[in-house]
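The values are calculated or read from the model by the stated rules, or taken from the named source; none is laboratory data. All figures in this text were calculated on a predicted structure; none of them were measured in a lab. Neighbour counts are summed over all protein chains in view; Cβ atoms, including those assigned to glycine, are modelled from backbone coordinates with ideal geometry.
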Amino acid sequence: MKDLLFSYKRTLKQTKAMYKPLAEANEDELSADSLRDKKNLRNMISDLEWTIEWLEKGRQPGLRRSIDRRDSYSRMLFKDPKIMEIYSNDFAVLPEQTGSVTEEEQKIINDCLNNLTNREKEIYLLHVVEGFSYERVGALLGIAKGTVQTTINRSRMKIARYINSDIKGA
């Protein structure tokens, strides 16, 4: 996708370079072919800019209330199936899903998450595992961004305390 976006931007730059002499010229001095070329290049620049904006934003440019910004969809969570399986199995990380988590690591992760309250687990997983921003997590759960930040920090401190006490206790 980045290669495609780079290609469009390079083409836009080249097209603007071709358009610049025609734009600076007096229209009375241009031939009919040059005027047609000027119009076509202007249209191409417009189309390229529109496409680049679409690729960068991931939705159709110019829409004020696109489908992803409407209220009926604002609380929908699109979950990764692997993350949903982990969540439904009491926050367990199964070795066969990732292939790199040992049973001991799975036990440590479960123990760390079990030290958190259900609300802290929910907020922590939305932010850390699924990668939602503080603002997005707050909007999804109907709480303030500051509350999300405080809860994430509290959860991290609890996990760090658990890990440090486990290391010292072992």
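Condition check: at pLDDT below 85, part of a helix (DSSP H, G or I), outside the structural domain of LEU141 (by TED's automatic domain parsing) and aromatic (Phe, Trp, Tyr). Does TRP50 satisfy that? Write out each step before concluding.
On the way: at pLDDT below 85: no; part of a helix (DSSP H, G or I): yes; outside the structural domain of LEU141 (by TED's automatic domain parsing): yes; aromatic (Phe, Trp, Tyr): yes.
Considered against the rule, which asks whether it is at pLDDT below 85, part of a helix (DSSP H, G or I), outside the structural domain of LEU141 (by TED's automatic domain parsing) and aromatic (Phe, Trp, Tyr), TRP50 comes out as no.
Determine whether ILE143 is surrounded by 10 or more Cβ atoms within 10 Å (Cβ to Cβ), modelled with pLDDT of 90 or more and in a loop (DSSP other than H, G, I, E, B).
On the way: surrounded by 10 or more Cβ atoms within 10 Å (Cβ to Cβ): yes; modelled with pLDDT of 90 or more: yes; in a loop (DSSP other than H, G, I, E, B): yes.
Criteria met by ILE143.
Can you name the condition, by its number, that SER165 falls short on among (1) modelled with pLDDT under 90; (2) within 14 Å of LEU113 (Cα to Cα); (3) of a type outside the set (Val, Ile, Thr)?
All conditions pass for SER165, except number (2).
What is the number of the single condition among (1) within 35 Å of the chain's Cα centre (by Cα); (2) modelled with pLDDT of 85 or more; (3) of a type outside the set (Ser, Thr, Tyr) that LYS38 does not meet?
Evaluating LYS38 over (1) within 35 Å of the chain's Cα centre (by Cα); (2) modelled with pLDDT of 85 or more; (3) of a type outside the set (Ser, Thr, Tyr) leaves (1) as the failure.
From the set of residues in segment 18-34 that are closer than 20 Å to SER46 by Cβ and among the acidic types (Asp, Glu), which is surrounded by the most Cβ atoms within 10 Å (Cβ to Cβ)?
This residue is GLU27.
Restricting to segment 133-151, name every residue that is aliphatic (A, V, I, L, M) and closer than 14 Å to LYS121 by Cα. Even if it seems obvious, please write down each step before you answer.
Taking segment 133-151 first, the residues aliphatic (A, V, I, L, M) are 137, 139-141, 143-144, 148.
Selection gives VAL137, LEU141, VAL148.
Give the residue that is modelled with the lowest pLDDT, with candidates limited to residues of segment 146-162 that are of a type in the set (A, V, I, L, M, F, W, C) and surrounded by 12 or more Cβ atoms within 10 Å (Cβ to Cβ).
Among them, the one singled out is ILE159.
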